[in-house]
Amino acid sequence: MAVSAFTHSCSILNLQEAPVWHFIIDETGSSFSSKVQQLKATDANVGKVVGLLHPEPLKLPQLPHGFHATQNEPAVVHDVINNLLTAKVGLIGCAVTVEELEGYGWINSIRLLTRWALSMLPASGQPVKVKVFVEQRAPYTNGADLRAFAETLQNEMQKLSPSRLNRLKLEFNVIPKTGHPHNGYVDSLAYLWGSPKPENKAFLKKLNLVNKCFMDNDSLFVERLFLLIQHQHKLIAQDWYQLAALPPETYSNTLLSECLATLGYECKNDINRWQQFLKYVRDQQANKSYIAQELFHATNWLATYKPNNLNPLILLRLLNIQLSANNHLGHVAQDIANSAVKLGQQLFDENAQLSCETALRVVVMHCNASNFTAAQEIADKWLTWPVALTGKQNFGKLLSSKGQISAFLGDISARDYFIRAIDTFQDMLDPEVATAEIKQTSHYLLLLDMDSKPVNEADIMQRMLRLFSAKNELELRRIAADFAHGKQADRFSHYLLLRACVQCPVEFSQVAKAYLSQRAYWKDKQGHPWQLIQVYRSLLLWSENRCRHQKLCADYLEKAIELCQHKTQGGILLTMADVFTALRAQIIDENASSLPTASIVEQLANKLPFSFH
């Protein structure tokens with residue numbers, strides 16, 4: 001996944017390695033002392049520093065001599081910034097209130113902004129020179145000698161990141177406003193961030209720089225995490241996850257790579273800390289509050305840095321979460337499964353429920369490989385054990401898994417297994433767990449019944465109303481409009497409702513209209529089942545007006561294809577990509593307007609059974 005998926009396009013993380021860099025810094029606001037805490041965050045006096053990083057040489061449109069943003073109309077400043085954002089530059093900024101700046105004072109803010117930029121600078125150990133240009137501010141006037149200042153920070157960064165910056169040369173230059181040809185650009189950025197004018201605030205919001213390139217004290221984006229890992233010796237589990245969940249290629253030549261490795265080696269000797277991270281990942285998985293790729297990267301980190309001589313029960317929990325992460329991406333992680341099954345068998349008498357969880361993960365893996373016979377054998381074997389041994393939750397999951405396998409095979413017994421699973425969950429005493437499991441299995445049952453011939457649309461509507469606790473269809477329309485905004489936590493219900501809108505077009509016609517009315521707010525997200533959400537968005541548009549929306553339908557199918565073809569995805573997702581590619585080719589055909597939506601859905605069901613479509 002590209003770095004830009006996690007950052008702003010003008011993040012320093014998106015730059016390529018270069019031998020010489022210019023880092024131009026300016027500020028906005030007047031308060032850089034501890035008194036800033038007495039100001040509101042929105043006060044224009046709050047001190048903020050902004051940096052513009054670019055390789056040497058870089059040509060930008062020449063600005064008028066001595067250009068000063070405050071002396072120009074907002075529209076002129078906006079044009080200047082738009083020109084800058086089309087170039088290969090990196091932007092970074094920070095409010096003095098950000099606690100990781102460790103203190104106050106203008107020069108301290110300059111030092112830490114530079115250190116921060118250097119931590120993200122792409123560098124691999126080759127000679128690299130960074131020329132810092134800071135607009136003068138009393139008592140630091142034009143030409144002030146900052147060699148000692150530069151040497152101190154240079155040595156600090158070389159020690160902090162020896163494999164990247166051991167050949168760093170750093171110089172600081174205090175300049176007047178005309179001291180660098182690009183100073184007017186960073187002056188414009190600083191002015192824009194600190195301006196109280198409504199038109200400037202609106203433009204800044206449109207650029208999406210704040211909380212990404214420009215940090216305030218509520219920011220928690222990638223750049224902020226670079227500060228956290230440097231300045232907070234004991235990362236809390238949530239912050240660790242945000243770092244470890246990033247694709248390694250996004251930070252391979254940055255300080256983060258070294259810091260995460262150092263943290264990993266510390267965890268090898270600190271099992272309690274490592275277990276805190278494992279627990280956080282397991283909680284993310286259990287609550288379904290994850291993105292599949294992030295879960296995958298975080299579990300890989302845990303496996304890489306697991307302590308030696310790990311307790312077998314803890315090791316099995318790790319293997320289970322690894323298997324789950326791989327399953328979510330459609331991988332067939334046979335080696336991990338083999339290790340987990342072997343360990344699960346050894347620990348059967350110690351913890352049969354954990355062994356059963358392993359079996360359930362392996363069943364999903366076999367379904368990803370379309371090896372439904374192997375999946376069925378495992379489920380059947382475990383269903384012979386008494387409920388007291390597997391536990392009600394696991395027993396219900398086994399019945400639900402058997403229903404899914406039967407559905408994939410076109411076996412009519414699938415419905416009975418789903419109903420038995422729901423009955424089992426209803427007997428559980430933990431209402432929160434029972435509700436979540438019933439909801440998930442009810443999803444499967446609805447998907448199965450939507451594919452039946454003929455589909456009972458009125459029955460589907462009544463069951464959907466109950467599932468979403470909606471009193472009537474009007475409430476379901478409101479839920480559909482809310483789903484259109486793309487909250488990650490709603491993704492499975494979102495997919496289910498979209499499928500109902502497409503496969504039950506009469507009963508759900510008004511619900512579909514409510515969803516389509518929010519098209520301007522549709523969001524694109526990562527992970528399963530977002531590829532299917534994009535497919536059914538395409539089909540909804542096709543149903544509404546296939547002639548007018550032909551290109552738009554193809555575009556949403558292309559988004560689905562891209563998600564399926566991402567390099568982290570496994571074989572079943574690539575198969576789905578092939579099916580969606582063929583469908584896209586049909587849709588863009590000049591004679592496609594005669595193709596009914598029901599025919600498309602039938603094609604999908606024939607090629608991708610059950611929940612694969």
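Structure values in brief
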read-out: Debye intensity ratio in log₁₀ form over the Cα atoms of region 431-548, taken at each q of 0.14 Å⁻¹; value: -0.55
read-out: Inter-site label distance for residue 462 and residue 605 at 7 Å from Cα along Cβ, in nm; value: 2.1
read-out: Solvent-accessible surface ranking, highest first, for 40, 169, 306 at 1.4 angstrom; value: 40, 169, 306
read-out: Directionally averaged projected area (convex hull, Cα atoms, region 524-606), nm²; value: 5.0
read-out: Positive dipole terminus of region 12-217, leading residue within 45, 33, 180 (C-beta point charges); value: 180
read-out: Accessible area of residue 501 in the full protein assembly, 1.4 Å probe (Å², nearest 10); value: 10
read-out: Heavy-atom accessible area ranking, 1.4 Å probe, most first, across 270, 411; value: 411, 270
read-out: Of 40/487; 48/201; 88/567; 288/439; 48/197, pairs whose Cα-Cα distance is over 20 Å; value: 40/487; 88/567
read-out: Of all accessible heavy-atom area on the chain, the percent that carbon and sulfur account for (1.4 Å); value: 50
read-out: Length added when fully stretched, residue 206-residue 88, from 0.36 nm per residue minus Cα-Cα; value: 40.5 nm
read-out: Label assignment, Kirkwood radius over Cα pairs in Å derived from the structure, set [x] 27.3; [y] 32.7; [z] 30.5; value: [x]
read-out: For region 361-484, alpha-carbon Rg over 2.2 N^0.38 Å; value: 1.15
read-out: Extended-chain gain in nm, criterion 0.36 nm per residue less alpha-carbon gap, residue 282 and residue 17; value: 91.7 nm
read-out: Gain upon complete extension [residue 197, residue 409; 0.36 nm per residue less C-alpha separation]; value: 70.0 nm
read-out: Electrostatic dipole magnitude of region 12-217 [Cβ: Lys, Arg +1; Asp, Glu -1; Cα centre; debye, to 20]; value: 280
read-out: Which of 133, 15, 89, positive extreme of dipole for region 12-217 (C-beta unit charges); value: 15
read-out: Residue 567 paired with residue 335, simple spin-label distance in nm, labels 7 Å along Cα-to-beta-carbon; value: 1.8
read-out: Estimated inter-spin distance, residue 509 and residue 475, nm [label 7 Å along Cα→Cβ]; value: 2.4
read-out: Candidate lysines - alpha carbon under 18 Å from residue 453, same-chain residues fewer than 8 apart omitted; value: 607
read-out: Sites residue 272 and residue 129, calculated FRET efficiency, Cβ-Cβ separation with R0 56 Å, nearest 0.05; value: 0.80
read-out: Gyration tensor (alpha-carbon) shape descriptor, region 133-224, a/c threshold 1.5; value: oblate
read-out: Per residue accessible area in Å² of the chain, where ligands, DNA and RNA are left out and the probe is 1.4 Å; value: 44
read-out: The chain: relative contact order in percent, alpha carbon pairs under 8 Å with at least 6 residues between; value: 10
read-out: Helix-only [θ]222 nm of the chain, DSSP H runs n ≥ 4, -39500 (n - 2.57) each, per residue, nearest 500; value: -18000 deg cm²/dmol
read-out: 3J(HN,Hα) from dihedral phi, region 384-401, Karplus parametrisation 6.51/-1.76/1.60, rounded to Hz, x for glycine, proline; value: 7, 7, x, 4, 4, 7, 7, x, 4, 4, 5, 5, x, 5, 5, 5, 5, 4
read-out: Region 12-217: Rg to Rh, with Rh as the Kirkwood radius over Cα pairs; value: 0.94
read-out: Helix 147-160 axis, angle to the chain major axis (alpha carbon atoms, nearest 10°); value: 20
read-out: Region 560-613: GluC sites (Glu not before Pro) falling in loop per DSSP and having at most 16 other Cβ within 10 Å; value: 590
read-out: Label zone at residue 436, where the point sits 7 Å out along the Cα-to-Cβ direction: region 269-294 residues whose backbone N lies under 18 Å; value: 277-292
read-out: Those lysines that a straight Cα-Cα span of less than 23 Å connects to residue 551, excepting residues fewer than 8 apart in one chain; value: 513, 523, 525, 559
read-out: Dipole axis of region 447-508 (+1 Lys, Arg; -1 Asp, Glu on Cβ), positive-most option in 458, 504, 485; value: 485
read-out: Using a Förster distance of 45 Å, the FRET efficiency for residue 30-residue 163 (Cβ separation, nearest 0.05); value: 0.65
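The values are calculated or read from the model by the stated rules, or taken from the named source; none is laboratory data. What you are looking at is a predicted structure, and each value in this text was computed from that prediction instead of being measured. No Cβ is skipped: glycine too gets one built from the backbone with ideal geometry, and neighbour counts run over all protein chains shown. Surface accessibility is based on the protein's heavy atoms, side chains included, excluding ligands, DNA and RNA. Shrake-Rupley method; radii C 1.70, N 1.55, O 1.52, S 1.80 Å.
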